[in-house]
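Novice: To start, I am sharing the structure in question, which I have written as structure tokens.
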Amino acid sequence: MEMQQFYYDNKIVKKFVYATLFWGVIGMVVGLLLAFLFLFPNLTDGISWLSFGRLRPLHTNAVIFAFVGNAIFAGVYYSTQRLLKARMSSDILSNINFWGWQLIIVAAAITLPLGFTSSKEYAELEWPIDIAIAVVWVVFGWNLIATILKRRQRHLYVAIWFYIATFVTVAVLHIFNSLALPVSAFKSYSVYAGVQDALVQWWYGHNAVAFFLTTPFLGLMYYFVPKAANRPVYSYRLSIVHFWSLIFIYIWAGPHHLLYTALPEWAQNLGVAFSIMLLMPSWGGMINGLLTLRGAWDKVRTDPVLKFMVVAITGYGMATFEGPMLSLKNVNAIAHFTDWIIAHVHVAALAWNGFLAFGMIYWLIPRLTKSKLYSVGLANLHFWIGTLGIIMYALPLYVAGFTQASMWKQFNPDGTLVYGNFLETVTEIMPMYWMRAIGGTLFITGTLVMVYNIIQTVRKGSEVTDELAEAPALERVSKRRVAGEHWHSWLERRPVQLTIGATIAILIGGIVQIIPTIMVKSNIPTITSVKPYTPLELEGRDLYIREGCVGCHSQMVRPFRDEVERYGEFSKAGEFVYDHPFLWGSKRTGPDLHRIGGKYSDSWHFNHMYDPQSTSSGSIMPAYKWLITDELDKSNTETKLRTMVTLGVPYTEEDIANAQQSMAEQGAKIEQNLYSDPDFVRSYEADKQSGGANFVEMRNREIVAIIAYLQRLGTDIKVKDLETTQN
């Protein structure tokens, strides 16, 4: 049999590995800064682009798409070539993938701190960057599929199945969740509204975790763990069951993020049912990974690569047990909106994604540089510091979560809340936030040890070059199943059919859940008293989104006794029909705001934004002083209203024509309320004398728009009249 010589492209792998390390450190540094902002809320006082609300999405995007994303590409490009016995189809496409992805990350690092955000969890980037992500992702998939088609190895190994499913599903999720109408170069509105937007977002959000943070890493696990252990995968049959059941079931589970919300009950129950089922394939994968180490556990004691991988797989098992448990309604009622969720997410991110990426890089770099790891001792030190960091990070937040839920739900014998002031719960968990910051410091310290170790390994090794390989050409065989051939063996040599099958498997759940919610009006009963936002309220809502307020405040009062007592009437689906995007939130660092309208005076909101501690002793909210001084940009208001009309919001031509006058009148009323309130501190107006020509009237400042929006929240319905206003 004639052998063909070719070269594996190692240079592209090297680029992605280096990018993984660089962006990993950046993302973790931002995360650590955020942890310290909980302890010192005025640490970046007055610097808008370093405020918590703007940095939080930067941290999540940097860790998920920059650190984990580059690690995925590094592992996929290395393993795919060797599993298919072929160089990547196109070096040009490989490099477009690399440089395009880095430019997207840089764009995110610039736009998010500047406040350009859609506010949707894990999908905050605005529409031009969303388009770029889609293009680069298609380039990656094109390169992957083309390489599969020109392979020299007929059988597609299990890792390749997961790579194919990842490419297809992420493309579908990203495109449909990101559908939006642009207002300007960096402003758009989601085409979905309220309940529908929430469902689509968490169909995306949960499955971004599934198909970006899980399935590609399972593919990497199936390649690198057997390589590092020098053992075959434990069970081929289990890998088949694992793959198909996981990709089919995962896509249904998104609604468990929306339990007890205004989402239709049937959709919530579907999410719960499939989330429970998800435990089985997830643990099937974990078992397959751990049992691959049978006979090699003695190596784990000495080999840091295997240490990282064992803890990674264990972390995956813990997180995928906890996820279905959190989807149980009685557990979710306790955990949701608390720091328990933050702990859960970070066990998965730090242990599963972080440690598997670290183990893979420790395994790759010596092979790419034809050398040995500079220091096994430093790698072991990294492992123990990182493991301790995960424990120090997660355990206190579990305690914080239980503490929050317990305090929120306690009642006195007379029916009043024991802890009526939300800030009492914040004060109680501050020691846990200190421990979280210490744990994060340990984890990033271990990462820096790794960076030093890798740099030294590269310095003493050879330059990374393309690797010579040889393999026989692929021989033609029957397209049909041959006698005695298992159906899956046939599928494994038919990449097109495999891709079609995976696509069908992931589409079913989304279609069943999303289409009825959008098409069947009875899922979202209308409330006639609910009206669109006024132009000034809409501008205020956009500022609320810009500042990332949704990262700390929910706008969803659940039908629980304690929440109704604390916040007011529970939220109704029909109240959100004009919300593009929805702003239900996923964490309560501060109280829920859905019924905040009319609870406090305009001057209270003004003072709260200028100096939160002056109105709320013990608050860890940062000051938003730029809202007090900056002029409200009203130049795009009419365009925003017209965009909303296109989305179905019933603004009239008269509303649009009178937008500027409407904003001036509503702003003047708020200004008058401020000046007539003795609690309004006139010293804020000192710049009137000193500002000269640069002085901006109070009615034209951003703070007035924010106040207008906050005072509107939850005021569209009156509980006693609700039954007569629904139709």
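The values are calculated or read from the model by the stated rules, or taken from the named source; none is laboratory data. Owing to the predicted nature of the structure, the values given are computational and were not obtained by experimental measurement. Don't worry about glycine lacking a Cβ; one is built from the backbone with ideal geometry, like all the others, and counts go over all protein chains shown. Accessible surface is based on the protein model in full, side chains and every heavy atom, while ligands, DNA and RNA are left aside. Shrake-Rupley method; radii C 1.70, N 1.55, O 1.52, S 1.80 Å.
Novice: Looking at region 499-524, I want the residues that are under 19 Å from GLN196 (Cα atoms) and have a partner that is not in a helix (DSSP H, G or I) with Cβ atoms under 6 Å, at least 6 apart or on another chain. Which pairs are those?
Specialist: From region 499-524, the pairs are GLY509/ILE251; GLY509/TRP252; GLY510/ILE251; ASN523/PRO264.
Novice: Here is a further query. Answer with yes or no whether LYS150 is basic (Lys, Arg) and modelled with pLDDT of 95 or more. Even if it seems obvious, please write down each step before you answer.
Specialist: Numbers: basic (Lys, Arg): yes; modelled with pLDDT of 95 or more: no.
No, not satisfied.
Novice: Return the pairs, sorted by first residue and then second, in which the second residue is open to solvent by 20 Å² or more (accessible area, probe 1.4 Å) and outside any helix (DSSP H, G or I), the first residue lies in region 226-251 and is among the small types (Gly, Ala, Ser), the beta carbons are less than 7 Å apart, and the residues are 6+ apart or on different chains.
Specialist: SER239/VAL233
Novice: Somewhere in region 405-421, is a residue part of a helix (DSSP H, G or I) and of a type in the set (Lys, Arg)? First the steps, then the outcome.
Specialist: So the first thing to find is which residues in region 405-421 are part of a helix (DSSP H, G or I), and the list is 405-408.
Checking which are of a type in the set (Lys, Arg) leaves us with none.
Looking through region 405-421, none of the residues is part of a helix (DSSP H, G or I) and of a type in the set (Lys, Arg).
Novice: Could you identify the single residue in MET644, MET621 that is under 24 Å from PHE52 (Cα atoms), under 30 Å from the mean Cα position of the chain (by Cα) and modelled with pLDDT of 95 or more? Quick ask: steps written out before the conclusion?
Specialist: On the way: MET644 fails: under 24 Å from PHE52 (Cα atoms).
Residue meeting the stated conditions: MET621.
Novice: Within region 19-71, which residues are hydroxyl-bearing (Ser, Thr, Tyr) and closer than 17 Å to LEU442 by Cα? Steps first, please.
Specialist: Narrowing region 19-71 to residues hydroxyl-bearing (Ser, Thr, Tyr): 20, 44, 48, 51, 60.
Listed by number, the list is empty, since nothing qualifies.
Novice: Then there is this: Mind listing just one residue for me: the one in region 135-158 that is in contact with a Pro (Cβ under 9 Å, 6 or more places away or on another chain) and open to solvent by less than 10 Å² (accessible area, probe 1.4 Å) and, of those, nearest to THR214 (Cα to Cα)? Even if it seems obvious, please write down each step before you answer.
Specialist: If we filter region 135-158 for residues that are in contact with a Pro (Cβ under 9 Å, 6 or more places away or on another chain), which is where we start, we get 145, 148-149, 151-152, 156.
Adding the requirement that they be open to solvent by less than 10 Å² (accessible area, probe 1.4 Å) leaves 148, 156.
Details: ILE148: 22, LEU156: 20 Å.
Per the criteria, the residue is LEU156.
Novice: Mind checking which residues of region 359-394 are open to solvent by less than 30 Å² (accessible area, probe 1.4 Å), closer than 20 Å to ILE438 by Cβ and among the hydrophobic types (A, V, I, L, M, F, W, C)?
Specialist: Within region 359-394, PHE383, ILE390, ALA394 meet the criteria.
Novice: Do any helices (runs of 4 or more DSSP H) lying entirely in region 156-253 carry at least 1 residues that are more than 21 Å from LEU278 (Cα to Cα) and of a type outside the set (Gly, Ala, Ser), and which ones are they? It would help to see each step written out before you state the result.
Specialist: Working: elements: 158-177, 194-211, 215-229, 236-250.
The qualifying helices (runs of 4 or more DSSP H) are 158-177, 194-211, 215-229.
Novice: Could you tell me whether any residue of region 141-154 is without any contact (Cβ under 8 Å) to a residue 40 or more places away in the chain and under 30 Å from PHE582 (Cα atoms)?
Specialist: Just the residues of region 141-154 that are without any contact (Cβ under 8 Å) to a residue 40 or more places away in the chain, to begin with: 141.
Cutting the leftovers down to under 30 Å from PHE582 (Cα atoms) gives us none.
No, every residue in region 141-154 fails to be without any contact (Cβ under 8 Å) to a residue 40 or more places away in the chain and under 30 Å from PHE582 (Cα atoms).
Novice: Select from region 171-185 the residues that are polar (S, T, N, Q) and either buried (at least 19 other Cβ atoms within 10 Å of the Cβ) or without any contact (Cβ under 8 Å) to a residue 60 or more places away in the chain (or both) and list them in ascending order.
Specialist: Narrowing region 171-185 to residues polar (S, T, N, Q): 177-178, 184.
Listed by number, the residues that qualify are ASN177, SER178.
Novice: State the number of residues belonging to region 320-339 that are in a helix (DSSP H, G or I) and over 16 Å from the mean Cα position of the chain (by Cα). So that I can check it myself, show each step before the final result.
Specialist: Of the residues in region 320-339, the ones in a helix (DSSP H, G or I) are 320-326, 329-335, 339.
In the following step, the residues that additionally are over 16 Å from the mean Cα position of the chain (by Cα) were identified as 320-322, 324-326, 329-335.
Counting residues in region 320-339 that are in a helix (DSSP H, G or I) and over 16 Å from the mean Cα position of the chain (by Cα) gives 13.
Novice: Could you run through region 500-559 and say how many residues are out of contact with any Gly (no Cβ under 7 Å at 6 or more places or on another chain), among the small types (Gly, Ala, Ser) and part of a helix (DSSP H, G or I)?
Specialist: Residues flagged as out of contact with any Gly (no Cβ under 7 Å at 6 or more places or on another chain), among the small types (Gly, Ala, Ser) and part of a helix (DSSP H, G or I) within region 500-559 amount to 7.
Novice: What is the number of the single condition among (1) in contact (Cβ under 8 Å) with a residue 60 or more places away in the chain; (2) touching a helix residue (DSSP H, G or I) at 6+ places or on another chain (Cβ under 6 Å); (3) under 30 Å from ILE385 (Cα atoms) that ALA319 does not meet?
Specialist: (1)
Novice: Checking the condition part of a loop (DSSP other than H, G, I, E, B) and either more than 30 Å from TYR192 (Cβ to Cβ) or in contact (Cβ under 8 Å) with a residue 60 or more places away in the chain (or both), which residue from GLY295, GLY285, GLY289 passes?
Specialist: GLY295
Novice: Here is a follow-up. For MET28, work out the one condition from (1) within 30 Å of TRP434 (Cα to Cα); (2) within 23 Å of the chain's Cα centre (by Cα); (3) among the hydrophobic types (A, V, I, L, M, F, W, C); (4) open to solvent by 50 Å² or more (accessible area, probe 1.4 Å) it doesn't fulfil.
Specialist: The number of the failed condition is (4).
Novice: Oh, and also: Taking the condition open to solvent by less than 20 Å² (accessible area, probe 1.4 Å), of a type outside the set (Val, Ile, Thr), at pLDDT below 80 and in a helix (DSSP H, G or I), does LEU722 pass? Reasoning before the result, please.
Specialist: On the way: open to solvent by less than 20 Å² (accessible area, probe 1.4 Å): yes; of a type outside the set (Val, Ile, Thr): yes; at pLDDT below 80: yes; in a helix (DSSP H, G or I): yes.
Judged against the criteria, LEU722 is a match.
Novice: Check every one of the helices (runs of 4 or more DSSP H) wholly within region 611-677 and list those with 3 or more residues that are touching a residue at least 60 places away in the same chain (Cβ under 8 Å) and closer than 28 Å to GLY551 by Cα. Spell out how you get there, then give the answer.
Specialist: On the way: elements: 612-615, 625-629, 637-646, 653-657, 659-675.
Filter on region 611-677 gives 625-629, 637-646, 659-675.
Novice: Another one. Could you list, in sequence order, the residues of region 121-141 that are in a loop (DSSP other than H, G, I, E, B) and not charged (D, E, K, R)? Break it down into steps so the answer makes sense when it comes.
Specialist: So in region 121-141, the residues in a loop (DSSP other than H, G, I, E, B) come out as 121-126.
Hits for region 121-141 are TYR122, ALA123, LEU125.
Novice: Then there's this: Scan region 561-582 for residues that are in a loop (DSSP other than H, G, I, E, B), in contact with a Lys or Arg (Cβ under 8 Å, 6 or more places away or on another chain) and open to solvent by less than 30 Å² (accessible area, probe 1.4 Å) and jot them down.
Specialist: GLY568, SER571, PRO581, listed by residue number.
Novice: Just give me the residues in region 463-482 being part of a loop (DSSP other than H, G, I, E, B), touching a Lys or Arg at 6+ places or on another chain (Cβ under 7 Å) and either open to solvent by 100 Å² or more (accessible area, probe 1.4 Å) or not hydrophobic (A, V, I, L, M, F, W, C) (or both), in sequence order.
Specialist: ASP466
Novice: Assess whether TYR122 counts as being over 25 Å from HIS257 (Cβ atoms) and of a type in the set (Phe, Trp, Tyr). I'd like the intermediate steps shown before the answer.
Specialist: Working: over 25 Å from HIS257 (Cβ atoms): no; of a type in the set (Phe, Trp, Tyr): yes.
No: the conditions fail for TYR122.
Novice: For residues that are open to solvent by less than 30 Å² (accessible area, probe 1.4 Å) and not hydrophobic (A, V, I, L, M, F, W, C), tally how many sit in region 230-244.
Specialist: 3
Novice: Pairs under 6 Å by beta carbon, first residue in contact (Cβ under 8 Å) with a residue 40 or more places away in the chain in region 416-442, partner open to solvent by 40 Å² or more (accessible area, probe 1.4 Å) and β-branched (Val, Ile, Thr), six or more apart or different chains?
Specialist: MET432/VAL399
Novice: Look through region 474-501, keep the residues that are farther than 26 Å from PHE167 by Cβ and of a type in the set (A, V, I, L, M, F, W, C), and return whichever of them is modelled with the highest pLDDT.
Specialist: VAL482
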